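The values are calculated or read from the model by the stated rules, or taken from the named source; none is laboratory data. This structure is a prediction, so every number in the text was calculated from the model and none was measured. Cβ placement follows ideal geometry from the backbone for every residue including glycine, while neighbour counts extend to all protein chains displayed. Accessible surface areas use protein heavy atoms only, side chains included; no ligands, DNA or RNA. Shrake-Rupley method; radii C 1.70, N 1.55, O 1.52, S 1.80 Å.
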Amino acid sequence: MTESGAKQNIVSLLPEELEAELTAMGEPRFRAKQIFGWISRGVREFGQMSNLPKALREKLAARFFLYEPKVLSRQVSAIDGTIKYLWELADGNALETVVMSYKHGNTVCVSSQVGCRQGCAFCASTIGGLVRNLEAGEILDEVLFSRLDSGKPISNIVLMGIGEPLDNFDNVMRFLRLVNHPDGMNIGMRHISLSTCGLIERFPELAAQDLQLTLSVSLHAPDDETRSKIMPANRGRGVDALIAACRAYYEQTGRRISFEYAMIDGVNDSPEQARLLAAHAKSVAAHVNLIPLNHVEERAFRPSTPEHLKEFIRILEQQGVNVTVRRRLGSDVDASCGQLRRRMQARGGTQT
Ligand code: SAH
């Protein structure tokens, strides 16, 4: 865990860790539950924790750090009500979170890093590189303050915002335990999806956590030539190794993987690529989620034509693959990876 200045961010601590801290401070353990309760309700000043003795509040303030993320901007889609937040963190960095409304409930899409170093050619998040990892408490605050600010109850979480979750492994695992905690937000693992560009060396460790979450793999191309061109993370790893890692993950966890596939005109949308994708998906019983490419100003790629998309789906279905096309939400509020933060940077609006 990183620290903000000399003080540790108390929001990143699990209740049992808080208990240990309090015991070390010579305080009763039951205070941990009270503090975790305040934190889980969004209280970000020790002075407001009214059931704690004043002396303890002062001790906590001397030892720990608490910060409420500030809303830098809030854009609400006129089309579908999607809300896109840009938050300011304690160190001045900006962070994006999206709240999407579906029939079955509201989903928060959280960022896991400030920036990203994976370099995907179609993605806006990676343009300025990686600035830093987010702490567990900062990721938790994306969910909590999105709920508090929007007034919408949150039933699902997707780790599909800015950053590569498996490149910030420990903080992301800690975030999952925090958000899942029964005394906290209590969001079930089966309601959480983690998306990765395929850092396969982390798959065994993730499987070993025995979480019931859904692993989404951003495949985007079924052959090495194309995938290495648009996703540098493929270089030195390769599609065959990725599929083998997916198979091992599925066998170990019993959880079906989902392949994310952004349809890019003339790059990854040929009938041959559809057939190869189908073979990969079938070999690991994966579900395929086709994403209409979001146009990013700085990128030359264009979305596939409706005809190509239709033919691509036809081939996948003919091969017996379970395929869905993701509905585009928030198209009027830059609600795709990194675009809002990117725009603020271009205007010189934030420090990052
Ligand atoms: N680093 C992780 C999670 C963040 S991106 C990952 O790579 O999976 C979430 C998803 O959006 C990924 O599947 C990513 O490839 C995709 N994505 C990025 N830019 C996009 C764009 N311009 N259009 C459509 N999908 C995009």
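A few notes on this one:
- Single residue of segment 73-89 satisfying the filter (away from the ligand (no atom under 16 Å from the Cβ), at pLDDT below 95 and assigned to a loop (DSSP other than H, G, I, E, B)) that is least open to solvent (accessible area, probe 1.4 Å): Ser77
- Flag for Val217 being more than 12 Å from Ile200 (Cα to Cα), assigned to a strand (DSSP E or B) and within 16 Å of the ligand (Cβ to nearest atom): no
- Listed by first and then second residue, the pairs with beta-carbon distance under 6 Å, at least 6 apart or on different chains, first residue in segment 132-147 and among the acidic types (Asp, Glu), second assigned to a helix (DSSP H, G or I) and modelled with pLDDT of 95 or more, are Glu135/Ser12; Glu135/Asn171.
- Selection count, segment 90-101, where residues are over 20 Å from Ser193 (Cβ atoms) and crowded, with 18+ Cβ neighbours inside 10 Å: 2
- Lone qualifier among Arg44, Arg31 - being surrounded by 14 or more Cβ atoms within 10 Å (Cβ to Cβ) and either touching a Gly at 6+ places or on another chain (Cβ under 7 Å) or within 20 Å of Ile139 (Cα to Cα) (or both): Arg44
- Ser228 small (Gly, Ala, Ser), within 15 Å of the ligand (Cβ to nearest atom) and at pLDDT 95 or above: yes
- Taken as a whole, segment 24-36 holds at least one residue that is free of Cβ contacts under 8 Å to residues at least 60 places away in the same chain, more than 30 Å from Gly105 (Cβ to Cβ) and basic (Lys, Arg).
- For first residues located in segment 285-311 and within 12 Å of the ligand (Cβ to nearest atom), partners that are of a type in the set (S, T, N, Q) and modelled with pLDDT under 90 and lie 6+ apart or on another chain with Cβ distances below 6 Å form the pairs Asn294/Ser336.
- Residue selected from segment 261-283 under the condition in contact with a strand residue (DSSP E or B) (Cβ under 9 Å, 6 or more places away or on another chain) and part of a loop (DSSP other than H, G, I, E, B), by the criterion surrounded by the most Cβ atoms within 10 Å (Cβ to Cβ): Asn268
- Qualifying positions in segment 64-102 - in contact with an Asp or Glu (Cβ under 8 Å, 6 or more places away or on another chain) and more than 26 Å from Gly163 (Cα to Cα): Ala78, Ile79
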